[in-house]
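What follows is a set of notes on a single structure, which appears directly below.
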Amino acid sequence: MTASKSSRARNARAAAQAGARSGAARNGASGGTATRDRDQARNGAAARGPRTIEVRDEPAERGPAPWLQIATFVLALAGLGVSIYLTIAHFTESALAGCSESGLVNCTKVTTSPESYVFGIPVAVLGLAFFVFAVAIMSPWAWRASRREIHLARIASLVVGIGFVLYLVYAELFTIGSICLYCTSVHVITFLLFVLTAFAAAAWGLKPGAPWKLVPDRQPE
């Protein structure tokens, strides 16, 4: 009876040891598998490299094209030049060069008429002030300004300018009965500035103009 109990105890211990070895083997196998999985994940991440975010370098949407900026600036300078000449002629009471003094084209009749003053201010002086402002507001630097107020001021000044031109044309044709070539050139310049400014606002909105360069960048071949 004692031998039988001892035999059963030895068998139980042997079975327990075998189970422990089997569990350790299973744990070792599962631990090895987990370790291999972690190593493979790390190796895969290292192979893929660091995660990057692709940023496309697309040009920002711009406003009026360079050709329009330069065209309006040149027209404003031309208008300023004519206005300076008309102002000098007004205060020196000198005849305008190359302008007829009789018939429909009569510069002296126009520049000395009562309509050559508005609120007691010579029209030539008002035109000079307008084109001084126009040169500043039509410059490429003003076109590229980011402030919306500058672009609104440009449109507002041209609306006032074209309204004043219509009044002067009416006065020349129906009140004075003569026209002045220099005055007409100023009217035409103001009208062109108005058309170009309205076109810019319709086509591009009130956005900063596109940068312009005298020498464009060479395109890669």
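The values are calculated or read from the model by the stated rules, or taken from the named source; none is laboratory data. Computed from a predicted model, the values in this text were never measured in an experiment. Here Cβ is always computed from backbone atoms with ideal geometry, including for glycine, and neighbour counts include all displayed protein chains. For the accessible areas, the whole protein counts, side chains as well, though only heavy atoms, and no ligand, DNA or RNA atoms are used. Shrake-Rupley method; radii C 1.70, N 1.55, O 1.52, S 1.80 Å.
Worth a mention:
- Each residue of segment 100-106 was assigned a 3J(HN,Hα) from its phi angle through the Karplus expression (A = 6.51, B = -1.76, C = 1.60, θ = phi - 60°), giving 5, 10, 8, x, 5, 8, 9 Hz with x at Gly and Pro.
- Label-point separation, residue 125 to residue 74 (7 Å along Cα→Cβ), nm: 3.3 nm
- Extension reserve of the residue 206-residue 175 stretch, reckoned as 0.36 nm per residue once the Cα distance is removed: 7.3 nm
- A cut-off of 5 Å between modelled amide H atoms, ignoring neighbours fewer than 5 places along the same chain, links residue 179 with 105, 106.
- Database remark: amide H of residue 117 closer than 5 angstrom to the amide H of 123 (H placed geometrically; neighbours at sequence offset of 5 or more, or on other chains; Pro and chain starts carry no H).
- Under-5 Å amide H pairs with residue 100, H placed in peptide plane, nonlocal only: 107
- Between residue 85 and residue 148, the simple label model (points 7 Å from Cα in the Cβ direction) yields a spacing of 4.1 nm.
- Among 67, 143, 204, the order of accessible area from largest down is 67, 204, 143, computed with a 1.4 Å probe on protein heavy atoms.
- Couplings for segment 169-185, taken from phi via the Karplus curve 6.51 cos²θ - 1.76 cosθ + 1.60 with θ = phi - 60°, read 5, 4, 4, 5, 7, 10, 9, 7, x, 9, 10, 10, 4, 5, 5, 5, 5 Hz in order; Gly and Pro are left as x.
- Lys/Arg +1, Asp/Glu -1 at C-beta; segment 97-221 dipole; positive extreme among 116, 210, 164: 210
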